[in-house]
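Reviewing the structure listed below.
Read-outs: derived from the displayed coordinates by stated rules, not from any lab. None of these values were measured; they are calculated from a predicted model. Don't worry about glycine lacking a Cβ; one is built from the backbone with ideal geometry, like all the others, and counts go over all protein chains shown.
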Amino acid sequence: MISLSVAIDPNKGIGYKGALPWHLKDELQIFKRNTMHKHIVMGQTTYDGLPGRLKDRYITVISIDHEYKPDDVEVEYDLIEFLKKHEDDETEYIICGGASIYRQSYPYCRKAYVSFVKKEYEVDTHFDAFDLNDWEIILEEDHPDFIYRELKRKS
Ligand SMILES: NC(=O)c1ccc[n+]([C@@H]2O[C@H](COP(=O)([O-])OP(=O)(O)OC[C@H]3O[C@@H](n4cnc5c(N)ncnc54)[C@H](OP(=O)(O)O)[C@@H]3O)[C@@H](O)[C@H]2O)c1
């Protein structure tokens, strides 16, 4: 199964200058809780921009650069092939961005872990394809800076 995890602002903003536009500790804790000991998938730009290592997760990085091979991660060079190969697996693969990877993976995602950031931020990267109408809300938590929702794709 393919899922996605994202934090998104009211204008569908998700990034600024290669990093997250916000520093929300609670939100990072939720990301950690949801992804610990799971398979996570992210684009090269997002992976290279991480402030530190993500421990105890199986990481797949998507890149078109066949020379790119950081330690301790799998690298896949064809995102769509990867998605088609794993969409019916029992194992959950969580797409963790960034913009180009979310956009291409969105139709394949059956579940979503989404933090709806309350404030508007200065952003240069968006997740335009995301539409709450595509989803059924299965869990909702109100936090001071964001509303966290777990979503299941409407069938
Ligand atoms: N708010 C959130 O939850 C969240 C989460 C993650 C990331 N972000 C933000 O998103 C931004 C980064 O997004 P981004 O779109 O610039 O980068 P990205 O999606 O992280 O990575 C793009 C990389 O993947 C490669 N790629 C794209 N499609 C591919 C495919 N089909 N097959 C193989 N390789 C492929 C690209 O190659 P080419 O460039 O050559 O096409 C590029 O190297 C940052 O600001 C980051 O902080 C936000």
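General remarks:
- Calculated from backbone phi, Karplus (6.51, -1.76, 1.60) coupling profile of segment 43-48 in Hz, x at Gly/Pro: x, 4, 4, 5, 4, 5
- The peptide list 131-142, 36-47, 75-86, put in order of mean Cβ contacts within 10 Å with the highest first, becomes 36-47, 75-86, 131-142.
- ³J(HN,Hα) computed for each position of segment 96-106 - Karplus, 6.51 cos²θ - 1.76 cosθ + 1.60, integer Hz, glycine/proline x: 10, x, x, 4, 5, 6, 4, 4, 6, 8, 3
- Evaluated with a Cβ-only charge set (Lys, Arg +1; Asp, Glu -1), the chain carries a dipole of roughly 260 debye about its Cα centre, given to the nearest 20.
- Rounded to the nearest 500, the helix-only mean residue ellipticity at 222 nm of the chain stands at -5500 deg cm²/dmol, with each DSSP H run of n ≥ 4 adding -39,500 (n - 2.57).
- Taking Lys and Arg as +1 and Asp and Glu as -1, the other residues whose beta-carbon sits under 11 Å from that of residue 123 total -2.
- When only Cα pairs below 8 angstrom with a gap of at least 6 residues are kept, segment 8-155 shows a relative contact order of 30 percent.
- Subset of 85/119; 55/154; 85/111; 17/152 violating a 28 Å alpha-carbon distance limit: 85/119; 55/154; 17/152
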